[in-house]
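Engineer: Quick one: this structure, given as structure tokens, is what I'll be asking you about.
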Number of protein chains: 2
Amino acid sequence: MAKLTSRSEDYSKWYNELVVKADLAENSGVRGCMVIKPYGYAIWEKMRDEMDKKFKETGHVNAYFPLFVPKSLFEAEEKNAEGFAKECAVVTHYRLKTDPDNPHKLIVDPDAKLEEELIVRPTSEAIIWNTYKNWIQSYRDLPILINQWANVVRWEMRTRLFLRTAEFLWQEGHTAHATKDEAVEEAEKMNKVYADFAENFMAMPVIQGLKTPSERFAGADETYCIEALMQDGKALQAGTSHFLGQNFAKAFDVKFTNKEGKIEYAWATSWGTSTRLMGALIMTHSDDFGLVLPPTLAPIQVVIVPIFKGEEQLDQISEVALDIQAKLKAKGISVKFDNDTHNKPGWKFAEYELKGVPVRIAIGPKDLENKSVEIARRDNLTKETHSIEGLDSYIDELLKTIQKDLYNRALNFRKDNITKADTYEEFKKVLEEKGGFIYAHWDGTAEEEEQIKEETKATIRCIPLDDDVEAGISLISGKPSQRRVLFAKAY
Amino acid sequence: MAKLTSRSEDYSKWYNELVVKADLAENSGVRGCMVIKPYGYAIWEKMRDEMDKKFKETGHVNAYFPLFVPKSLFEAEEKNAEGFAKECAVVTHYRLKTDPDNPHKLIVDPDAKLEEELIVRPTSEAIIWNTYKNWIQSYRDLPILINQWANVVRWEMRTRLFLRTAEFLWQEGHTAHATKDEAVEEAEKMNKVYADFAENFMAMPVIQGLKTPSERFAGADETYCIEALMQDGKALQAGTSHFLGQNFAKAFDVKFTNKEGKIEYAWATSWGTSTRLMGALIMTHSDDFGLVLPPTLAPIQVVIVPIFKGEEQLDQISEVALDIQAKLKAKGISVKFDNDTHNKPGWKFAEYELKGVPVRIAIGPKDLENKSVEIARRDNLTKETHSIEGLDSYIDELLKTIQKDLYNRALNFRKDNITKADTYEEFKKVLEEKGGFIYAHWDGTAEEEEQIKEETKATIRCIPLDDDVEAGISLISGKPSQRRVLFAKAY
């Protein structure tokens with residue numbers, strides 16, 4: 001198995017190689033679309049199940065809406081339509097026929113043109129609010145708290161596995177409320193749910209904030225987000241939650257009778273996370289040996305590798321290994337005992353390092369004599385010997401320790417890579433030499449934001465929601481600013 | 001709440017009304033596509049989770065493949081292509097632009113025409129076998145046992161909620177094997193998994209069999225199926241499992257080195273079930289009052305309805321109800337306590353009957369005095385009184401009894417509606433007067449099958465796999481037949 005390109009050599013190449021070699025995903029025969037391979041999908045399933053649980057705990061239910069959006073519905077909310085029109089897949093026909101020039105080929109049947117073109121959903125506000133119109137008459141019908149797990153298509157020109165693909169998997173929450181306050185509260189709540197998931201399950205620290213008007217979701221009045229910092233000093237938007245005001249209610253004429261008997265437009269939110277989180281997970285923790293997974297999201301948490309010569313030794317080791325496996329399973333830990341005789345232990349070690357299995361237990365004949373095993377941590381690559389006695393409790397604790405350590409390591413990395421810059425010169429210097437997040441003052445105008453973006457490629461990732469407020473002078477215009485905002489180059 | 005049309009009055013209308021009124025699904029703004037509403041989706045989620053568990057227990061893993069199939073891949077396996085070409089959605093463009101004649105409208109941008117058209121997957125053999133080509137070199141890479149949960153599109157002209165929709169949700173297993181025997185075994189195994197799920201979770205008896213060549217999946221060498229009988233005497237194909245031979249391996253050039261060092265084409269299966277199962281579930285158990293759900297698939301298994309006048313009574317009842325709820329939950333039973341004060345108990349009774357909640361517990365002031373409750377079964381509409389003491393264990397058992405009773409009721413219905421017909425006259429008479437399954441002799445030719453279909457609309461649902469073999473004379477040609485096959489009109 002050829003080694004990965006190292007991160008310092010070529011970060012982007014390292015990422016692409018890791019995704020493919022760790023069996024997470026690969027490019028498909030369709031431009032920009034990926035195949036999510038079983039091992040990658042197993043991690044996504046864990047993310048999905050955990051988020052789904054959190055959505056249900058916060059009162060949401062799942063539903064499913066059509067893949068296609070008729071053009072007339074798609075264009076109803078103009079800002080939203082404008083935001084997605086340039087990169088959408090359009091279905092124009094509903095039949096193929098045999099090519100008259102070649103009986104082995106098919107061509108689009110010109111007689112099967114749709115009366116109205118269908119857009120493959122890039123996001124579902126339009127189709128969902130067209131449905132909500134029939135569901136909402138009275139304040140008693142509100143709130144509607146629905147989530148959907150689905151595939152969406154955005155015809156991006158430059159794609160990268162997980163980070164930016166023409167088709168991706170995601171969840172999209174779409175809620176309707178009787179009051180503005182309630183909708184704002186919902187958008188804030190779901191952004192916090194995302195932050196909680198990112199930090200406690202992905203072991204990935206995030207900064208919660210608000211997008212600037214120019215970075216908002218097309219059709220939103222306010223966009224909340226969680227922003228994470230990758231190892232190469234670039235930011236990654238890991239989830240967004242939008243307060244949509246009454247924009248979609250007005251576009252789709254969704255009115256209701258409020259408690260006072262007056263007719264009002266409904267208030268909306270939408271919020272989403274996608275398979276992009278897989279990219280964030282990889283670039284938060286992994287190293288030159290491959291994937292590093294937090295135990296909460298690892299399909300295999302512990303692998304047991306026997307070191308043996310001949311069948312007799314394998315039998316002896318197996319007996320002990322199976323007993324350890326059973327005890328760990330009883331604690332709810334997922335364990336693989338790799339007793340394959342084709343691959344050598346060294347190959348297996350490298351393979352499970354590449355796959356990011358958090359804990360490896362190696363057992364050889366000497367270990368049997370000593371009634372101990374060798375334990376290797378994937379996160380920091382340390383090894384230790386532990387007696388078989390009490391091993392299950394020790395591993396159980398160790399997995400929790402690894403989870404915490406991964407979070408803290410990522411948090412320390414972020415701390416080391418947040419810089420305050422007070423002048424534009426300093427800002428540019430930090431950006432070039434170090435990268436990372438830069439806290440700086442901004443005058444609140446789209447002009448200054450755009451100039452900085454054009455000149456440095458750094459964007460305002462968010463206006464943080466924390467209490468760290470400090471007045472100052474903006475980078476270019478020198479106008480007063482009430483708080484620093486978070487800049488970075490971003491994925 | 002207006003009553004449903006009764007089944008005897010208009011079965012088809014009853015079905016459509018029930019699906020909408022029980023909040024399962026509704027038609028959307030997109031021709032032929034449905035919205036699966038939260039209550040319907042919750043049932044589908046239970047089906048999905050249970051099937052997913054069974055797939056994993058039988059060694060399968062999930063993955064995800066692209067939504068789009070480039071035309072050149074789509075047409076590679078000619079029989080498969082021919083089978084789906086007439087009803088597929090075709091993406092031809094990747095961008096919209098503002099209509100020069102109307103700034104509020106969008107039009108397809110003629111400059112954004114795809115070089116190659118993309119078919120929205122009607123099934124994924126093509127895209128998956130094009131991927132497997134790169135995964136399979138040696139017998140060591142086999143078997144590949146993958147399942148995918150996805151949406152697919154088949155541009156059907158006449159659609160009905162759940163039963164036949166342009167877009168539907170499904171799972172599709174796609175496996176690759178080193179030998180023919182192993183692939184056949186897999187196809188048979190998965191058909192049995194479907195039968196097990198249908199009978200033990202949906203409480204829906206099925207007949208396992210083989211499709212005739214003319215009813216096979218396009219591109220399959222053999223199609224296994226499970227066939228269920230609906231209350232109106234029509235059959236419904238509830239799942240299919242295909243032995244695909246080497247057809248897709250040859251179309252996509254998927255070869256491997258076998259144990260003997262020889263190059264061979266891989267052997268394939270595929271198998272699928274879809275949201276169509278929701279239609280089967282409804283038409284197996286439900287009645288004129290609404291949905292009837294087997295406890296295993298009911299999102300709410302027990303509802304507690306308080307009968308009260310004034311807040312004080314409600315408080316007293318609530319105390320007892322919450323205690324019952326807690327005890328039932330501790331047994332893993334999902335319980336809703338409906339203490340809403342807006343709707344009257346009578347309205348609630350009708351509502352939960354419509355929604356198919358298996359058990360209703362009503363508690364009024366007299367019940368409190370007697371330390372008892374009223375229990376109503378949804379399946380047979382019987383009521384009884386039971387002491388609060390020991391109620392949790394009683395309900396736990398009752399749910400199991402309901403599950404069994406539903407299965408047996410459906411099984412008895414099927415027994416009463418399978419008729420043996422020995423002459424074509426008799427066959428037509430039974431079909432017209434009674435419907436249901438008809439066991440009859442067939443000469444094995446496509447001609448006789450086609451003639452019967454044209455003249456009676458009955459098709460051969462399957463050649464059963466059971467041992468009930470009995471020689472005879474075929475219906476029309478009078479040729480000898482070794483066993484009866486199963487005919488019916490079908491959904």
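Engineer: Which residue out of A:F427, A:F487 is assigned to a helix (DSSP H, G or I), touching a strand residue (DSSP E or B) at 6+ places or on another chain (Cβ under 8 Å) and in contact (Cβ under 8 Å) with a residue 40 or more places away in the chain?
Structural biologist: Result: A:F427 is the single residue among A:F427, A:F487 that is assigned to a helix (DSSP H, G or I), touching a strand residue (DSSP E or B) at 6+ places or on another chain (Cβ under 8 Å) and in contact (Cβ under 8 Å) with a residue 40 or more places away in the chain.
Engineer: Answer with yes or no whether A:S72 is surrounded by fewer than 21 Cβ atoms within 10 Å (Cβ to Cβ), within 11 Å of chain B (Cβ to nearest Cβ) and among the small types (G, A, S).
Structural biologist: So A:S72 fits the description; yes.
Engineer: Name every residue in the stretch B:313-345 that is among the β-branched types (V, I, T) and either within 14 Å of chain A (Cβ to nearest Cβ) or assigned to a helix (DSSP H, G or I) (or both), in order of residue number.
Structural biologist: Residues satisfying the conditions are B:I317, B:V320, B:I324, B:T341.
Engineer: Would you be able to tell me the number of residues in the stretch A:160-176 that are among the polar types (S, T, N, Q) and within 12 Å of chain B (Cβ to nearest Cβ)?
Structural biologist: Here the count works out to 1.
Engineer: Can you name every residue in the stretch A:333-354 that is more than 24 Å from A:N16 (Cβ to Cβ), touching a strand residue (DSSP E or B) at 6+ places or on another chain (Cβ under 8 Å) and of a type in the set (S, T, Y)?
Structural biologist: Within the stretch A:333-354, A:S334 is the sole residue that qualifies.
Engineer: I need the full set of residues from the stretch A:375-392 which are without any contact (Cβ under 8 Å) to a residue 60 or more places away in the chain and either among the basic types (K, R) or assigned to a helix (DSSP H, G or I) (or both), in order please.
Structural biologist: Hits for the stretch A:375-392 are A:R377, A:K383.
Engineer: Would you tally the residues in the stretch B:30-39 being over 21 Å from A:H60 (Cβ atoms) and at the interface with chain A (Cβ under 7 Å from one of its Cβ atoms)?
Structural biologist: 2
Engineer: Being more than 10 Å from chain B (Cβ to nearest Cβ) and either without any contact (Cβ under 8 Å) to a residue 60 or more places away in the chain or hydrophobic (A, V, I, L, M, F, W, C) (or both) is the filter; apply it to the stretch A:13-29 and report the residue that is surrounded by the most Cβ atoms within 10 Å (Cβ to Cβ).
Structural biologist: A:L24
Engineer: Looking at the structure I just gave you, is A:W149 surrounded by 22 or more Cβ atoms within 10 Å (Cβ to Cβ), in contact (Cβ under 8 Å) with a residue 60 or more places away in the chain and not hydroxyl-bearing (S, T, Y)?
Structural biologist: no
Engineer: From the residues in the stretch A:430-448 that are assigned to a loop (DSSP other than H, G, I, E, B) and of a type outside the set (G, A, S), which one is surrounded by the most Cβ atoms within 10 Å (Cβ to Cβ)?
Structural biologist: Residue satisfying both the conditions and the ranking: A:W442.
Engineer: Taking B:T98 and the conditions (1) more than 7 Å from chain A (Cβ to nearest Cβ); (2) free of Cβ contacts under 8 Å to residues at least 40 places away in the same chain; (3) within 21 Å of A:L67 (Cα to Cα), which numbered condition does it fall short on, given that it satisfies the others?
Structural biologist: So the condition that B:T98 fails would be (3).
Engineer: So, B:A85, is that one touching a Gly at 6+ places or on another chain (Cβ under 6 Å) and either modelled with pLDDT of 95 or more or among the basic types (K, R) (or both) or not?
Structural biologist: No; evaluated as a whole, the condition is false for this residue.
Engineer: Where in the stretch A:205-279 are the strands (runs of 3 or more DSSP E), entirely inside, with at least 3 residues that are among the hydrophobic types (A, V, I, L, M, F, W, C)?
Structural biologist: Once the strands (runs of 3 or more DSSP E) in the stretch A:205-279 are filtered for at least 3 residues that are among the hydrophobic types (A, V, I, L, M, F, W, C), what remains is A:222-229, A:235-245, A:267-274.
Engineer: Specify the residue that is nearest to the chain's Cα centre (by Cα); the eligible residues are those in the stretch B:18-34 that are in a loop (DSSP other than H, G, I, E, B) and closer than 29 Å to A:S72 by Cα.
Structural biologist: Only one residue tops the list, namely B:L24.
Engineer: Could you tell me which of the residues A:E125, A:E117 is facing chain B (nearest Cβ under 7 Å) and within 33 Å of the chain's Cα centre (by Cα)?
Structural biologist: Answer to the check: A:E117.
Engineer: From A:G83, A:G32, grab the single residue that is of a type in the set (G, A, S), touching a residue at least 40 places away in the same chain (Cβ under 8 Å) and crowded, with 19+ Cβ neighbours inside 10 Å.
Structural biologist: Exactly one residue qualifies, and that residue is A:G32.
Engineer: Additional query: Can you name every residue in the stretch B:280-314 that is charged (D, E, K, R) and over 15 Å from B:D367 (Cβ atoms)?
Structural biologist: Those that are charged (D, E, K, R) and over 15 Å from B:D367 (Cβ atoms): B:D287, B:D288, B:E311, B:E312.
Engineer: Then there is this: Take the residues in the stretch B:410-429 that are closer than 30 Å to B:N200 by Cβ and touching a helix residue (DSSP H, G or I) at 6+ places or on another chain (Cβ under 8 Å), then tell me which one is surrounded by the fewest Cβ atoms within 10 Å (Cβ to Cβ).
Structural biologist: Residue satisfying both the conditions and the ranking: B:T419.
Table: residues versus (1) more than 10 Å from chain A (Cβ to nearest Cβ); (2) at pLDDT 95 or above; (3) in contact with a helix residue (DSSP H, G or I) (Cβ under 8 Å, 6 or more places away or on another chain).
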residue	(1), (2), (3)
B:K133	no, yes, no
B:A178	yes, yes, yes
B:A183	yes, yes, no
B:A187	yes, yes, no
B:D196	yes, yes, yes
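Engineer: Report yes if A:F256 is in the same structural domain as A:N130 (by TED's automatic domain parsing) and either hydroxyl-bearing (S, T, Y) or crowded, with 24+ Cβ neighbours inside 10 Å (or both), otherwise no.
Structural biologist: In short, no.
Engineer: Could you tell me whether A:N80 is closer than 30 Å to B:K79 by Cβ and of a type in the set (S, T, N, Q)?
Structural biologist: no
Engineer: Is it fair to say B:F248 is surrounded by fewer than 23 Cβ atoms within 10 Å (Cβ to Cβ), in contact (Cβ under 8 Å) with a residue 24 or more places away in the chain and farther than 22 Å from B:L465 by Cβ?
Structural biologist: In short, no.
Engineer: Could I ask something else about it? Hey, any hits in the stretch B:323-336 for a residue that's exposed (fewer than 14 other Cβ atoms within 10 Å of the Cβ) and among the hydroxyl-bearing types (S, T, Y)?
Structural biologist: no
Engineer: Additional query: Output the residues belonging to the stretch A:35-61 that are closer than 25 Å to B:C33 by Cβ, under 19 Å from the mean Cα position of the chain (by Cα) and surrounded by fewer than 23 Cβ atoms within 10 Å (Cβ to Cβ).
Structural biologist: A:R48, A:D52, A:F55, listed by residue number.
The values are calculated or read from the model by the stated rules, or taken from the named source; none is laboratory data. Since the structure is predicted, the reported quantities are computational estimates derived from the model, not experimental observations. A quick note on method: Cβ atoms are made from the backbone with ideal geometry, for glycine too, and the neighbour counts reach across all protein chains shown.
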